[in-house]
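All remarks here apply to the structure that follows.
The values are calculated or read from the model by the stated rules, or taken from the named source; none is laboratory data. On a predicted model such as this, the values are computed, not experimentally measured, just so you know. These accessible areas exclude ligands, DNA and RNA; they are computed on the full protein's heavy atoms, side chains included. Shrake-Rupley method; radii C 1.70, N 1.55, O 1.52, S 1.80 Å.
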Amino acid sequence: MATVLGAGLRYEGLEPCGCGKRPRFRPRTGAEVRARLAVAARTGVPVAEALARRDPAVPEEDD
């Protein structure tokens with residue numbers, strides 16, 4: 001979690017409370033973080049962007 005927070009990502013909007021925040025993916029395990037950091041290092045994608053992806057190898061579209 002420290003890596004995610006250090007990259008500037010937050011765990012906000014996780015509850016569908018009607019506040020207008022869309023739930024976003026955040027890695028929950030060390031393995032998920034390591035996979036995303038490896039993709040970032042290999043492809044040159046910014047760490048914050050790689051950490052925010054559900055699938056580290058597939059870019060997500062902004063809604």
*Going through the stretch 38-53 one residue at a time, which ones are of a type in the set (A, V, I, L, M, F, W, C) and not in a loop (DSSP other than H, G, I, E, B)?*
Ala38, Val39, Ala40, Ala41, Val47, Ala48, Ala50, Leu51
*Checklist (1) farther than 17 Å from Val4 by Cα; (2) open to solvent by 90 Å² or more (accessible area, probe 1.4 Å); (3) at pLDDT 90 or above applied to Thr43, failing item*: (2)
